[in-house]
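The values are calculated or read from the model by the stated rules, or taken from the named source; none is laboratory data. Everything numeric here is computed off the predicted structure, so don't read it as measured data. Note that each Cβ is placed from the backbone with ideal geometry, even for glycine, and that neighbours are counted across all protein chains shown. What goes into the accessible areas is simple: the full protein's heavy atoms, side chains included, and nothing from ligands, DNA or RNA. Shrake-Rupley method; radii C 1.70, N 1.55, O 1.52, S 1.80 Å.
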Amino acid sequence: MRNLLQNPIKQIIVIKVGSHVFSREGRIVPKRIYALATQICELAEHENQLLLVVSGAALAGRDIAGLDRAHYPRQLLRPLAALGQATLIAKCDQIFRRLNQPVGQVLVSRDDFHYRERYLAVKETVQALFKLHVLPIMNENDSIGTAEQSLGDNDNLAAQMAGMLDADLLIILGTVAGFHDGNPRDPASRVIPTVPEITPEIWRQARFKGNRHSRGGMVAKLEAIRRANHCGIPVVLADGREEDILTKIFQGQEIGTLFTASPQRLSLKKRWLAYSTRVAGQLIVDDGTCHALTRRGASLLSSGIIEVQGDFRAKEVVAVQSPTGTEFARGIVNYDHETVRRIAGRNNRELRSDPAGGEYREVVHRENIVLLPKVVKESK
Ligand code: GLU
């Protein structure tokens with residue numbers, strides 16, 4: 001048995017449902033929605049606050065449009081998502097309504113996470129839905145998104161929502177039984193019950209291809225899981241088609257794979273900074289500064305900056321990189337790129353004696369810096 005929310009009362013739980021959980025052979029199967037819906041309603045009865053991230057808009061749209069499953073027309077993704085999302089939410093609404101659970105649809109795009117006011121607006125909406133006992137069902141607004149604008153996949157969306165809501169648990173339901181120690185299609189491979197740390201070995205085992213119709217794949221899942229774990233949120237990865245899957249997870253049964261969270265919970269603002277923002281530039285710093293930032297939690301001063309990349313304004317988010325180009329932190333910069341270029345590599349004493357110089361504060365204040373976990377991916 002697992003010691004995981006064994007008493008699931010008053011918990012915040014984000015559940016991501018992959019495209020193939022609610023569908024068979026490229027078609028939405030209402031029975032599958034119903035099976036999860038009954039378990040979700042049961043959990044909601046115990047004052048748990050649940051949020052669903054449901055994929056399958058593009059898949060449903062393709063089916064309604066009668067397009068060939070084998071030749072997926074990527075350029076039609078947006079209109080197909082518009083078509084399919086309507087059906088997907090209508091089916092969910094119908095089924096949950098029968099179970100006396102009203103649902104609310106929230107569609108988001110990447111900018112809704114990047115801009116702090118919009119991020120907080122999403123949070124406010126979801127929390128208001130919780131208060132109204134409405135189940136929020138989210139998806140990316142694929143009908144208007146562009147590739148650069150995309151959140152990437154719904155695993156990422158679900159991880160960001162879990163971080164935003166300070167969830168107690170994130171559950172990712174797909175069509176594999178968990179995280180395998182080899183190719184999931186190989187009968188000799190086994191599900192790993194608990195992953196306490198995402199090691200290079202785990203990254204290597206994640207390389208097996210995802211499904212054709214979902215964007216994610218195991219690497220994307222692992223990336224999302226790593227983010228949630230870093231925020232302090234445990235993640236269970238399991239097969240959403242398995243009978244009573246949610247009930248079993250909440251009973252503490254050892255089902256699927258549990259990725260345990262980092263013991264420290266990252267502050268809410270730092271979660272946003274680390275995982276929801278887009279960086280506008282890069283500051284490459286010397287080794288001493290890397291050390292001061294990572295070991296001592298220091299602010300980033302001009303003297304430690306070796307190179308400035310990109311055009312950014314004051315208050316935008318920049319990546320902080322080591323001399324070898326590894327991004328190890330993110331922060332909100334106090335000056336625009338021209339100013340940082342001018343003062344880079346110089347300390348305040350030097351700058352004061354320069355007629356064009358002046359007095360400068362930290363380039364990035366320690367309060368506005370978040371350290372990223374080491375990504376120790378195995379090289380391909
Ligand atoms: N938003 C996509 C859809 O509903 C799915 C993205 C994903 O599977 O990660 O079709």
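Structure notes:
- Residue match in the stretch 205-220 (condition: surrounded by fewer than 20 Cβ atoms within 10 Å (Cβ to Cβ) and modelled with pLDDT of 95 or more): no
- Unmet requirement for P136, which otherwise passes all of (1) closer than 26 Å to V219 by Cβ; (2) surrounded by 16 or more Cβ atoms within 10 Å (Cβ to Cβ); (3) within 16 Å of the ligand (Cβ to nearest atom); (4) not β-branched (V, I, T): (1)
- Selection of the stretch 7-36 for residues being farther than 30 Å from A70 by Cα, touching a residue at least 12 places away in the same chain (Cβ under 8 Å) and away from the ligand (no atom under 16 Å from the Cβ) yields P8, I9, K10, Q11, I12, I13.
- Filter pass, L59 being within 16 Å of the ligand (Cβ to nearest atom), at pLDDT below 95 and either among the aliphatic types (A, V, I, L, M) or farther than 20 Å from I28 by Cβ (or both): yes
- Positions within the stretch 169-189 being within 17 Å of R2 (Cβ to Cβ) and surrounded by fewer than 20 Cβ atoms within 10 Å (Cβ to Cβ), in sequence order: A177
- A Cβ distance below 9 Å, combined with a sequence gap of six or more or placement on separate chains, defines the contacts here; from the stretch 54-67, residues that are on the phi > 0 side of the Ramachandran plot reach residues that are within 13 Å of the ligand (Cβ to nearest atom) and among the aliphatic types (A, V, I, L, M) in the pairs G56/V17; G56/V21; G56/I28; G56/L88.
- Single unsatisfied condition, V176 versus (1) of a type outside the set (G, A, S); (2) part of a loop (DSSP other than H, G, I, E, B); (3) over 21 Å from I15 (Cβ atoms): (3)
- Subset of the stretch 141-164 [within 11 Å of the ligand (Cβ to nearest atom) and of a type outside the set (S, T, N, Q)]: D142, G145, L151, G152, D153, D155, L157, A158
- Single residue of the stretch 252-267 satisfying the filter (in contact with a Lys or Arg (Cβ under 9 Å, 6 or more places away or on another chain) and farther than 21 Å from L222 by Cβ) that is modelled with the highest pLDDT: Q253
- Failed condition for P193, given (1) within 16 Å of the ligand (Cβ to nearest atom); (2) open to solvent by 40 Å² or more (accessible area, probe 1.4 Å); (3) of a type outside the set (V, I, T): (1)
- For the stretch 118-127, the criterion of a residue being in contact (Cβ under 8 Å) with a residue 60 or more places away in the chain and farther than 28 Å from G256 by Cβ is satisfied by at least one position.
- Any chance P323 is without any contact (Cβ under 8 Å) to a residue 24 or more places away in the chain and on the phi < 0 side of the Ramachandran plot: no
- Members of the stretch 71-91 that are away from the ligand (no atom under 12 Å from the Cβ), open to solvent by less than 60 Å² (accessible area, probe 1.4 Å) and either at pLDDT below 90 or touching a Leu at 6+ places or on another chain (Cβ under 8 Å) (or both): P73
- For the stretch 59-70, the set of residues classified as in contact with a Lys or Arg (Cβ under 9 Å, 6 or more places away or on another chain) and open to solvent by less than 70 Å² (accessible area, probe 1.4 Å) consists of L59, A60, R62, D63, A70, listed by residue number.
- Pick from the stretch 340-369, criterion in contact with a Gly (Cβ under 7 Å, 6 or more places away or on another chain) and of a type in the set (A, V, I, L, M), ranking: surrounded by the fewest Cβ atoms within 10 Å (Cβ to Cβ): L351
- Of the candidates E223, E254, E242, the single residue that is touching a residue at least 24 places away in the same chain (Cβ under 8 Å) and within 16 Å of the ligand (Cβ to nearest atom) is E223.
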